[in-house]
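Peer 1: Okay, handing you the structure first.
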Amino acid sequence: MYEGVRSPLVYTPRSIGEFSTIIFRHPQAILWAGGTHLMASPDYYPSEARDGIIDLAFMDELKRITRNDRYVEIGAMVTARQLLSAGRLLLPPILQQTLRSMGTQIVRRQVTVGGSLCISDARLSLSTTLAILSASAEVKRYDQGKVTTVWIPVAKLYDKEGKLNLGSKSALLTRIRIGLEFGDFQRFVVFGDPIRKSDECGIVALHAKREQNGLSKVQFCVTFPRKAFHISKDLESKLSGSALPIHPEKVNMLSHELVAELTKMHSTISDLQLERARRIFESFLHDLNSQSLS
Amino acid sequence: MKIECTIDGKALTLSVNSNKPLSLILMEDLENQSLTSYCRGNACGNCIVMVNDEAVLSCLVPAFRIRGAKIRTFENYQRSRQYRDIERAYKATGSRPCPACFNARSMIIESILQDLSSSNKQHATAPLAKDVKLDKEKIIRELSLNTCQCMDMAELIQIVEVALGYRNRRRRVRRS
């Protein structure tokens with residue numbers, strides 16, 4: 001049916017060493033993790049991948065989950081389903097909720113952690129949650145015959161529009177590290193359908209630690225796939241240290257500040273998305289108040 | 001690219017483009033009639049097949065990932081004992097999905113039943129799933145993978161419950 005379309009070569013490295021040999025020879029090759037995003041693009045097939053495909057499925061180093069007293073390390077090729085079943089006792093509840101929200105079990109079998117973080121132009125729920133959990137990612141960069149390894153906070157992997165920036169054209173995200181000290185207030189809400197209707201969707205996540213009558217370590221991120229990846233340092237600092245319960249007027253003021261910030265920095269977000277994000281943010285703060293009063 | 005795999009019990013060697021989606025291989029190269037999916041990876045949920053006994057969306061599986069895999073489509077699945085449980089549940093409840101989504105919905109229900117049965121096996125001391133309160137929210141989420149609007153969610157949940165009952169009864173009979 002598609003005569004003339006050349007079948008791309010598929011390389012299947014078994015280790016990171018083998019991978020580096022291949023990537024130096026084929027720097028334009030497509031890195032294949034779960035493939036759920038790549039295959040959902042409208043021009044996926046028939047098309048030619050001139051420099052071939054590097055299938056990461058056989059690299060056992062990328063499939064490990066390790067844990068010590070301070071952090072959990074998750075390989076990039078661990079699937080959402082594996083992580084959810086293996087990490088029920090060790091992962092923060094907000095991450096479990098995020099993994100569950102990523103799709104049905106059938107889809108979660110195919111979605112990988114690294115693949116989800118490395119979508120080039122759309123930020124989905126996992127990036128949002130890992131950003132507020134202060135997770136970092138190990139990135140190997142392959143430039144001019146040299147390999148450099150860096151740890152980058154997940155929040156800094158993306159620009160303000162949510163586009164991926166690994167710092168090199170040939171780079172591999174190998175694992176992520178999540179600290180095990182997390183706050184007791186975690187909220188995560190997805191509105192709309194990020195896969196089928198990404199234009200109308202948004203993801204809001206808040207993480208904070210309640211200490212006596214105050215708040216500390218507040219992390220807040222709101223994402224609109226293909227439009228914005230927004231971490232408001234200003235709001236975070238205003239919320240950190242504030243006494244609980246937060247006055248309703250202050251809640252209202254902060255939520256409108258969020259909208260003003262989003263409108264100023266990202267012009268493509270629709271009014272409906274803004275309003276929904278604002279109300280969800282408000283509901284998080286009201287929830288925080290009600291918990292502090294009970 | 002030459003790919004060796006087993007589809008519906010037949011060992012095949014396929015000569016296809018390495019990045020061709022499994023759904024297209026089944027529909028175009030093998031003329032499998034049980035699949036009707038042209039969403040191109042947008043998760044319409046109509047192209048579900050079993051790869052190594054796990055339900056997957058075949059539009060999201062490229063050819064190079066099926067090397068050595070055992071693939072089972074609805075054509076083969078409908079001749080199995082497992083399908084009988086679902087078929088009987090359709091009859092007992094008096095509701096069936098429309099012909100457009102029938103195959104995919106049955107495969108999703110099978111996936112849910114497998115999941116519920118395996119979680120039962122893990123808790124061997126727990127009572128059988130019939131007596132366990134089903135996590136309806138989870139079932140609704142799984143069933144919503146297929147976007148066809150032909151059936152009410154309540155009807156589908158009822159089908160899952162009845163099919164689970166039949167499956168457990170069959171297991172108990174076999175065990176005794």
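What follows is calculated from the coordinates using simple rules that are stated; it is not laboratory data. Owing to the predicted nature of the structure, the values given are computational and were not obtained by experimental measurement. No Cβ is skipped: glycine too gets one built from the backbone with ideal geometry, and neighbour counts run over all protein chains shown.
Peer 1: Among the listed pairs A:Lys63/A:Lys169; A:Lys146/A:Lys217; A:Lys160/A:Lys197; A:Lys160/A:Lys217; A:Lys63/A:Lys233; A:Lys156/A:Lys209, which have their C-alpha atoms separated by more than 27 angstrom in this model?
Peer 2: Too far apart for the 27 Å limit: A:Lys146/A:Lys217; A:Lys63/A:Lys233.
Peer 1: I need the phi-derived Karplus couplings for the stretch B:142-150: 6.51 cos²θ - 1.76 cosθ + 1.60, θ = phi - 60°, integer Hz, Gly and Pro marked x.
Peer 2: Computed from phi, the couplings for the stretch B:142-150 are 5, 5, 6, 4, 8, 8, 4, 9, 5 Hz.
Peer 1: When we measure straight from the Cα of B:Lys136, which aspartates and glutamates land under 19 angstrom away, once same-chain ones fewer than 8 places off are left out?
Peer 2: B:Glu110, B:Asp115, B:Asp152, B:Glu155, B:Glu161
Peer 1: Under 17 Å between alpha carbons, and skipping anything fewer than 8 positions from A:Lys163 in its own chain: which lysines qualify?
Peer 2: The reachable lysines, counting only those whose Cα sits under 17 Å from A:Lys163, are A:Lys227.
Peer 1: Next question. Any idea what log10 I(q)/I(0) is at q = 0.16, 0.23, 0.26 Å⁻¹ for the stretch A:119-181, Debye with uniform C-alpha scatterers and no solvent?
Peer 2: -0.51, -0.96, -1.15
Peer 1: What Kirkwood Rh does the stretch A:166-208 have if only Cα atoms enter the pairwise 1/r average? Answer in Å.
Peer 2: Answer for the stretch A:166-208: a Kirkwood hydrodynamic radius of 13.7 Å.
Peer 1: For A:Gly241, what is the net charge nearby, where nearby means another residue's Cβ is under 15 Å from its Cβ and Lys, Arg count +1, Asp, Glu -1?
Peer 2: Charge balance in the 15 Å sphere: +3.
Peer 1: Okay, moving on. Where in the stretch A:188-220 does the label zone of B:Thr147 land, with the point 7 angstrom along Cα→C-beta and an amide N cut-off under 18 Å?
Peer 2: A:191-202
Peer 1: Less than 13 Å Cβ to Cβ from A:Val204, Lys/Arg counted +1 and Asp/Glu -1: what total charge do the surrounding residues give?
Peer 2: After counting each charged neighbour, the total is +2.
Peer 1: Here's another thing I want to ask about it. Find which of A:Leu274, A:His207, A:Leu262 sits farthest along the positive direction of the dipole of the stretch A:185-293, computed with +1 on the beta-carbon of Lys and Arg, -1 on that of Asp and Glu, about the Cα centre.
Peer 2: A:His207
Peer 1: With N residues in the stretch A:101-248, what two-decimal value do you get for its Cα radius of gyration over 2.2 N^0.38 Å?
Peer 2: In units of the globular-protein estimate, the stretch A:101-248 measures up at 1.13.
Peer 1: When the dipole is taken about the Cα centre of the stretch A:1-140, and only Lys, Arg (+1) and Asp, Glu (-1) are charged at their Cβ, what size is it in debye, to the nearest 20?
Peer 2: Once rounded to the nearest 20, the dipole reads 500 debye.
Peer 1: Could you run the Debye sum over the Cα atoms of the protein assembly as shown, one equal point scatterer each and no solvent, and tell me log10 of I(q)/I(0) at q = 0.08, 0.10, 0.12 Å⁻¹, two decimals?
Peer 2: Here the Debye-derived log intensity ratios amount to -0.53, -0.83, -1.16.
Peer 1: With bins 5 Å wide starting at 0, give me the P(r) of the stretch A:24-143 over every alpha carbon pair, in whole percents.
Peer 2: It works out to 2, 10, 19, 24, 20, 13, 7, 4, 1, 0, in whole percents.
Peer 1: A follow-up question, please. Which helices, counted as full DSSP H runs in chain A, have an axial Cα extent of no less than 15 Å and a Kyte-Doolittle average of -1.0 or above?
Peer 2: A:248-265, A:271-293
Peer 1: What is the mean projected area of the alpha carbon convex hull for chain B, to one decimal in square nanometres?
Peer 2: 10.5
Peer 1: For A:Asp271 and B:Met1, FRET efficiency with R0 = 56 Å and r from the beta-carbon atoms, rounded to 0.05?
Peer 2: Efficiency computed from Cβ-Cβ geometry: 0.70.
Peer 1: Check cross-link reach from A:Lys264 to the aspartates and glutamates: straight Cα distance under 16 Å, and skip same-chain residues fewer than eight apart.
Peer 2: Within reach: A:Asp159, A:Glu161, A:Asp234, A:Glu275.
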